[in-house]
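Worksheet: the structure to be examined is printed underneath.
The values are calculated or read from the model by the stated rules, or taken from the named source; none is laboratory data. In this text the structure is predicted, and so the values were computed from the model without any measurement. FYI the Cβ positions are ideal-geometry reconstructions off the backbone, even for glycines, and counts take in every protein chain you see. Each accessible area value is taken on the protein alone, full model and side chains, heavy atoms only, with ligands, DNA and RNA left out. Shrake-Rupley method; radii C 1.70, N 1.55, O 1.52, S 1.80 Å.
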Amino acid sequence: MVRTKKVRTPLIAGNWKMHNAREQTRQLIGELKPLIDGLSDVEVCVCPPFTVLAVASETIGDAEISLGAQNVFWEEKGAWTSQISADMLLDVGCRYAILGHSETRGRFGKVDDLLAGRLHYFGERDDTINIKARVCLAKGLTPIICCGETIDERQAGKTDDIISSQIRACLDGLTPDQIETLVIAYEPVWAIGTGEVCGSDEANRVCRLIRQTVRDNFGTDAGNGVRILYGGSMNDKNAEELLEQSEIDGGLIGGAALKADSFATICKAASFAAWNFYI
Ligand code: PEP
């Protein structure tokens, strides 16, 4: 049996969304630490709400867990009520920022869509994600850029066009060196929080399409270096099959990140999947 390490270190990032106040944050991270202690060949990250980033940072201490935020604003400071800057996130210990999650995207940015109760809650668009990515990279925060198609787009056969156009627009103007360091998350909107996971072959195919789009537009090194995660109802039962796919470099995890044991099981599956085995 021959073992060879895969080129890219997998990343497992937990998106806590709007869950957990201070006490639950201490408890969840406190439970997670011993479960992943000593785990090699995987990077573990938690992305709590803004209000508990400081508590999360203190609780993590010197454990091998990175901290991420769920959004960022592009301005440095000033009269931007409600917004949080990259400097503020760095100050509290963040290394990552999730950008363009489908729950913050508004692909068309129309108030009508908001009122119609569609998925366009916060008016995030490819071009605002792009500005945020530029600022994050300039400041030293690593963006986790989300892309994904809705069920209507998938059923209309538009998945590939939607995904490649989101990738080109979100990465526009970034240098190949910058792109090599960042993270993209393929999150089919219909699979997020629904329990309906994308099949591993199809998830791998779309992640390959993303990598090829990066190669075609920003060069081979950028395409080979960028880490591409899958997100959408990944859990402790289906993680292994998804994470062993050649183009999937980790996971963005929602619901299953809220329990230390299920999140740790996913981290262990990623650690195992960081190696190729040949007979
Ligand atoms: C997410 O919110 O990014 C996500 C993937 O959620 P879930 O794992 O709950 O589908």
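Determine the order of M234, M18, M1 by accessible area, beginning with the largest, at a probe radius of 1.4 Å.
If we order M234, M18, M1 from most to least accessible, we get M18, M1, M234.
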Review point. Comparing P49, P34, P188, which has the greatest mean-square fluctuation in the GNM of the chain with Cα pairs linked when under 10 Å apart?
Key: P34
Review point. What is the Cα centroid distance between region 255-271 and region 150-190, reported in whole angstrom?
Key: 25
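With a/c under 1.5 counting as rounded, go ahead and sort region 2-278 into rounded, prolate or oblate using the C-alpha gyration tensor (a ≥ b ≥ c being the square roots of the eigenvalues; past the cut-off, prolate if a/b is larger than b/c, else oblate).
Details: a/c = 1.32, a/b = 1.04, b/c = 1.27.
It is rounded, given that a/c, with a ≥ b ≥ c, falls under 1.5.
Shape call for region 107-263 from the C-alpha gyration tensor, a ≥ b ≥ c root eigenvalues: rounded (a/c under 1.5), prolate (a/b greater than b/c) or oblate? Walk me through the intermediate numbers first.
Details: a/c = 1.41, a/b = 1.07, b/c = 1.32.
In terms of gyration-tensor shape, rounded.
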Review point. Taking H as built 1.01 Å from N, whose amide H comes closer than 5 Å to the amide H of I228, not counting residues under 5 places away?
Key: I184, D249
Review point. Which far-off residues, 5 or more places away or on another chain, put their amide H under 5 Å from the one on I253, with H placed in the peptide plane?
Key: A13, G14, N15
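For the chain, what's the relative contact order in percent, using C-alpha pairs closer than 8 Å and at least 6 residues apart? Mind showing how you got there, number by number?
Details: 566 pairs, mean separation 63.5, N = 279.
In percent, rounded to a whole number, it is 23.
Ignoring ligands, DNA and RNA, what accessible area per residue does the chain give at 1.4 Å, in Å²?
Working: 13060 Å² over 279 residues.
In whole numbers, the chain has 47 Å² accessible per residue.
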Review point. To the nearest 20 debye, what charge dipole does the chain have about its Cα centre, counting +1 at the Cβ of each Lys and Arg and -1 at the Cβ of each Asp and Glu?
Key: 100
Exercise for review: Quick one: among L11, L137, L89, which has the greatest mean-square fluctuation in a GNM of the chain with alpha-carbon springs under 10 angstrom?
Suggested key: L137
Practice item. Tell me the label-point distance for the pair T9, D216, using the 7 Å Cα-to-Cβ offset, in nm and rounded to one decimal. Key: 3.2
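Ignoring ligands, DNA and RNA, what percent of the accessible area of the chain is carbon or sulfur (1.4 Å)?
Numbers: 6540 of 13060 Å².
Here carbon and sulfur together make up 50 percent of the probe-accessible area.
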Check your understanding: So which lysines pass the test for K268, namely a Cα distance under 28 Å, with those fewer than 8 places away in the same chain ruled out?
Key -> K5, K6, K17, K33, K237, K259
Check your understanding: Long-range amide H contacts for E124: which residues qualify at under 5 Å (H placed 1.01 Å from N, peptide plane, sequence gap of 5 or more or a different chain)?
Key -> R105, G106
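Please list D216, D91, D126, D160 from largest to smallest accessible area, probe radius 1.4 Å, with all protein chains kept in place.
Working: D216 110, D91 135, D126 30, D160 55 Å².
Sorted descending by solvent-accessible area, the residues read D91, D216, D160, D126.
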Check your understanding: Taking region 165-254 as the region of interest, what is the percent of Cα-Cα pairs per 5 angstrom bin, listed from the shortest bin to the one with the maximum distance?
Key -> 3, 15, 27, 23, 15, 11, 5, 1
Review point. If you build a Gaussian network model of the chain, linking Cα atoms that sit under 10 Å apart, which residue out of Q212, Q245, Q24 swings the most?
Key: Q24
